[in-house]
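One structure is given here, and the rest of the page talks about it.
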Number of protein chains: 2
Amino acid sequence: MGNQTAYQSLTRTFQRLHHFGHLSAIASWDQAAMMPSKGNEARAAAQAELQVLMHQLITAPELKTQLDAAEQEALDPSQRANLREIRRDWQLANLLPAELIEAKSLAAARCEHAWRSQRRANDWQGFLQNFREVLRLAREEAGLLAQAQGGSRYDALLDKYEPGMKSADIARIFGDVKTWLPGLIAKARDKQAGESVIQPQGPFSVEKQRQLGLEVMGLLGFDFDGGRLDVSNHPFCGGVPEDVRITTRYRDDDFVQSLMGIIHETGHARYEQSLPRGLLSQPVARARSMGIHESQSLSFEMQLGRSRGFLQLIAPLIGKHFGEQPAFGADNLARLYTRVAPGYIRVDADELCYPAHVILRFEIERALIDGEIEAEDVPALWDEKMMAYLGVDTRGNYRDGCLQDIHWTDTFGYFPSYTLGAMYAAQYFATIRRQEPQLDEKIAAGNLAPVFDWLNANIWSQGSRWTTNELVERATGETLNPAYYRAHLQARYLD
Amino acid sequence: MGNQTAYQSLTRTFQRLHHFGHLSAIASWDQAAMMPSKGNEARAAAQAELQVLMHQLITAPELKTQLDAAEQEALDPSQRANLREIRRDWQLANLLPAELIEAKSLAAARCEHAWRSQRRANDWQGFLQNFREVLRLAREEAGLLAQAQGGSRYDALLDKYEPGMKSADIARIFGDVKTWLPGLIAKARDKQAGESVIQPQGPFSVEKQRQLGLEVMGLLGFDFDGGRLDVSNHPFCGGVPEDVRITTRYRDDDFVQSLMGIIHETGHARYEQSLPRGLLSQPVARARSMGIHESQSLSFEMQLGRSRGFLQLIAPLIGKHFGEQPAFGADNLARLYTRVAPGYIRVDADELCYPAHVILRFEIERALIDGEIEAEDVPALWDEKMMAYLGVDTRGNYRDGCLQDIHWTDTFGYFPSYTLGAMYAAQYFATIRRQEPQLDEKIAAGNLAPVFDWLNANIWSQGSRWTTNELVERATGETLNPAYYRAHLQARYLD
């Protein structure tokens, strides 16, 4: 190994991490999609053993020396970007003492496990007992990260999912959304009050839904030689870039949500399937951020999938698989897929109400992490904001209120990515439409190449070569500009 | 760690190996049953990385000291047995230099990959080019193992799969079988010449075959909370004891083979599902040997599955799933499942011809490894033995002759385990029948508990606590006695 540069030594370590990560990813997919219940304990122990090993690899003392030495070596721009990403991974792993990681993992497991029944039992007080410790440890983690990186505690957690993004930016962006969103929701509901929507008549057999889903995935360019569609309780996109595993869940009285869920996960999947092949073992080849990942699923689900052209394209497929129904006309499908109805649950929210759920969570979790409020303050704030943003009364209903998400048993700083993703997606499509004035006609005719080619050239193939701002500016001519998102929503819901 | 005994340090290392082995086993199952083609290269690289890591763990210098120190520590009998198995694993891993392991792995991969097309093309000369190197490396491996363990080179390879068994024992046992098997086959064929067998009329839908298979697995006590049934090209039993994954393959013109294949794999599965739970992370909890493993699948397939009582039990299920047919009577099923017809292919062979295929391979691979013959001598010997043992002419037909098995691209010393397994199974059932004179009536009535209880108490729950001879003697009152096998075959095929 004497002739290896420090950079080469680092890439070899990250290649090993990549290989172990592959096995961990497949085992996680299996756990969610295939594993019978009695396999759980042994699987958890095996995964934990691998995590310990990977943590040992990335905290080995020689990596610090190698990182510093590699900075001085002659590297091409792609290697330089890879080194930036390697350092980022290294910092995240090395800034936290092993005891804190273990304490966090135990507290999260306890809180998550109890949450499953506490949510059903509407038991906020019970949840609070575990949640206080989760929050204490998250603040401790955030404090350590913030100390090293500068910025606020919440900034430090946000940065894990959205590198380079500051909470002040998010607050400004979301603050603007709050000035126009409630009004837009109200106007859209007024407009839709006079519409008649025909509900599809079930049952829709799981096998037919699956066949329809597979056909739509094919239209969307999913590579079935490099991935699969299966079933899990919580739909996700997992596996590895060479072998992307997406899941959905089916209800035999409704295919509408499941189909759009497949379209959403296919967006994630095509990003993964199109990451730069030659570099896959290195961090520079990874998806840029959680927000950029979500921008792909939402490009597919919101921009493409709910567009009039796309619904025209798939309307005949729906009839082919389930038999013709009046509900399957493209106009009616468009009404079904753009229906606005404020409700309790984020994951069931429509496109227009969704950002309100996210903004509420961002405001609460930021205040929690930065120490402006305490765990016991959450329900009152939740009730107040739900009423203010969506006009929904959640008082006493913790189950459908602040206990509905799994995130806070473990994760703070992730929620903004959902809405950032929606904003990026709107900005991409504004760019694509400028370049392709006939985009909707092409989509309706089944020519989706303009969308895929643009996303591939500008996002998918770029991996983590650029910072998020650089990536978005290279792709669209400007950094994140939420005006496109507002314009998209106004055009879809008011025009 | 200062207070840990050497034995405790060893068990911790083997627990880590067990956890990594879990991930490797699930990834292997996935590769065979789920993985799309483009996932192959990344999967192979990830698995190889894990193998390297596991080899590093088991060749760490401190293990030798710990093994020697642990021998002097106070251990209970189960720990003592575990230490014996740990030492065995350690020896197998440490006797071979890493370069030899890598060279073997590369030569095997090359030979196996080319074999897939060479078999189809009947290209023995092409195969020979790679096979010479595979054989050279297998002899080198066997030589190193034999040097350390005593015995012949072939003994050393045999011992990997059947600890404690010597090739002279196998030669003696198989030599005896050769004195009576050809005559028994001839008599059975004469007897069957006058029988009329009704063939089932297909097609048999894959979904119905699967439902029938699942129902029969249920009868056989498979725990579906701790395992699955899926499809793969080559049926196998994989996964981990807590989560056993069996596979089969379906043909829609024939359910007979597939159903019996499921019964076979369910025998392997129940062994794994019933290994001693508290010790699962340690070698002492593993299945005793390949021959003992095969004795479980063959207890299910040959002793139980093809028994008159069991076929009476499942005949109505077959009719329930496929609709009634004259072929589904228990008498006719018994004739279908005991039909004797010598042929080219081992995996398609009936119960009576199967040992001839194994004996032929044992004799050839033993002579190859011990240097009595060379790679190019294989086809002539194959032709001669096929004619002598089964009266089948394979001259020039390499595809259905010496190129039919995948084993020799990689593995020598394994074939005897198949027939040893059949012999052990016959010996177990002779014992069970002595204890349960009404066994067949109970089986026909759906009471399979006498079989499962005996296997569980005597084999499954014992793991690797005993040597093979000890295990079999404790279970049946004597070590391997092939007379039970001969008596079983005579009773089934001549009486």
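For B:E215, the conditions (1) within 14 Å of another protein chain (Cβ to nearest Cβ); (2) in contact (Cβ under 8 Å) with a residue 60 or more places away in the chain; (3) of a type in the set (D, E); (4) part of a helix (DSSP H, G or I) are fulfilled apart from (1). Across the range B:220-228, a minimum of one residue is classified as surrounded by fewer than 19 Cβ atoms within 10 Å (Cβ to Cβ), acidic (D, E) and without any contact (Cβ under 8 Å) to a residue 24 or more places away in the chain. Just for the range B:392-441: of the residues that are in a helix (DSSP H, G or I) and among the acidic types (D, E), which one is surrounded by the most Cβ atoms within 10 Å (Cβ to Cβ)? Step by step, filter the range B:392-441, then rank; the result is B:D440. Looking across A:S281, A:S297, one residue alone is of a type in the set (S, T, N, Q) and surrounded by 23 or more Cβ atoms within 10 Å (Cβ to Cβ). It is A:S297. Considering each residue of the range B:197-207 in turn, at least one proves to be within 14 Å of chain A (Cβ to nearest Cβ) and touching a residue at least 12 places away in the same chain (Cβ under 8 Å).
The conditions of being more than 14 Å from every other protein chain (Cβ to nearest Cβ) and among the small types (G, A, S) are met by B:S105.
Of all residues in the range A:304-350, which are in contact with a Gly (Cβ under 8 Å, 6 or more places away or on another chain), in a loop (DSSP other than H, G, I, E, B) and aliphatic (A, V, I, L, M)? Within the range A:304-350, just A:A349 meets the criteria. Any residue that is β-branched (V, I, T) and at pLDDT below 95 - is there at least one of those in the range A:96-107? Yes - at least one qualifying residue is present in the range A:96-107. Filter the range B:246-263 down to the residues that are in contact with a strand residue (DSSP E or B) (Cβ under 9 Å, 6 or more places away or on another chain) and more than 14 Å from every other protein chain (Cβ to nearest Cβ), then identify the one that is surrounded by the most Cβ atoms within 10 Å (Cβ to Cβ). Among those that are in contact with a strand residue (DSSP E or B) (Cβ under 9 Å, 6 or more places away or on another chain) and more than 14 Å from every other protein chain (Cβ to nearest Cβ), it is B:I262. Here A:H234 meets the list (1) crowded, with 16+ Cβ neighbours inside 10 Å; (2) under 30 Å from B:A45 (Cα atoms); (3) touching a residue at least 60 places away in the same chain (Cβ under 8 Å) almost entirely, failing just condition (1). For the range A:154-187, filtering for residues that are under 30 Å from A:A114 (Cα atoms) and either part of a helix (DSSP H, G or I) or of a type in the set (F, W, Y) (or both) leaves 8.
Looking only at the range A:1-40, count how many residues are hydrophobic (A, V, I, L, M, F, W, C) and modelled with pLDDT under 95. Matching residues across the range A:1-40 total 2.
Apart from one condition, A:G151 fits all of (1) within 14 Å of chain B (Cβ to nearest Cβ); (2) in a loop (DSSP other than H, G, I, E, B); the exception is (1).
The set of residues from the range B:224-245 being facing chain A (nearest Cβ under 7 Å) and touching a Lys or Arg at 6+ places or on another chain (Cβ under 9 Å) comprises B:D225, B:G226, B:G227, B:R228, B:V240, B:E242, B:D243. Here the range A:371-391 is the region considered, the condition is being in contact with an Asp or Glu (Cβ under 9 Å, 6 or more places away or on another chain) and among the charged types (D, E, K, R), and the residue that is surrounded by the most Cβ atoms within 10 Å (Cβ to Cβ) is A:K385. Would you say B:V231 is closer than 30 Å to B:F14 by Cα and in contact with a strand residue (DSSP E or B) (Cβ under 8 Å, 6 or more places away or on another chain)? Here the answer is no, as B:V231 does not meet what is asked. For the condition outside any helix (DSSP H, G or I) and more than 9 Å from every other protein chain (Cβ to nearest Cβ), A:Q4 qualifies. Looking at the structure I just gave you, is B:T266 touching a Leu at 6+ places or on another chain (Cβ under 6 Å), more than 14 Å from every other protein chain (Cβ to nearest Cβ) and of a type outside the set (D, E)? Answer is yes for this residue.
Here B:D30 clears all of (1) facing chain A (nearest Cβ under 8 Å); (2) in contact (Cβ under 8 Å) with a residue 40 or more places away in the chain; (3) within 21 Å of A:Q51 (Cβ to Cβ) except the condition numbered (2). Taking the residues in the range B:58-76 that are surrounded by fewer than 16 Cβ atoms within 10 Å (Cβ to Cβ) and under 20 Å from B:P97 (Cβ atoms) as candidates, determine which candidate is farthest from the other protein chains (Cβ to nearest Cβ). Taking the candidates together, the pick is B:K64.
This table checks each residue for (1) under 23 Å from B:R43 (Cβ atoms); (2) out of contact with any Pro (no Cβ under 9 Å at 6 or more places or on another chain); (3) part of a helix (DSSP H, G or I).
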| site | (1), (2), (3) |
| --- | --- |
| A:S28 | yes, yes, yes |
| A:G39 | yes, yes, yes |
| A:R43 | yes, yes, yes |
| A:Q47 | yes, yes, yes |
| A:L53 | yes, yes, yes |
| A:A60 | no, yes, no |
| A:L63 | no, yes, yes |
| A:A70 | no, yes, yes |
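One residue stands out in the range A:175-218 among those that are under 30 Å from A:N481 (Cβ atoms), surrounded by fewer than 17 Cβ atoms within 10 Å (Cβ to Cβ) and hydrophobic (A, V, I, L, M, F, W, C): the one that is farthest from the chain's Cα centre (by Cα), namely A:A186. Could you list, in sequence order, the residues of the range B:259-301 that are modelled with pLDDT under 95 and assigned to a helix (DSSP H, G or I)? Matches in the range B:259-301: B:R277, B:G278, B:L279.
The values are calculated or read from the model by the stated rules, or taken from the named source; none is laboratory data. Quick caveat: nothing in here was measured; it's all calculated off a predicted structure. With ideal geometry, Cβ positions are generated from the backbone for all residues, glycine too; neighbour counts draw on all protein chains shown.
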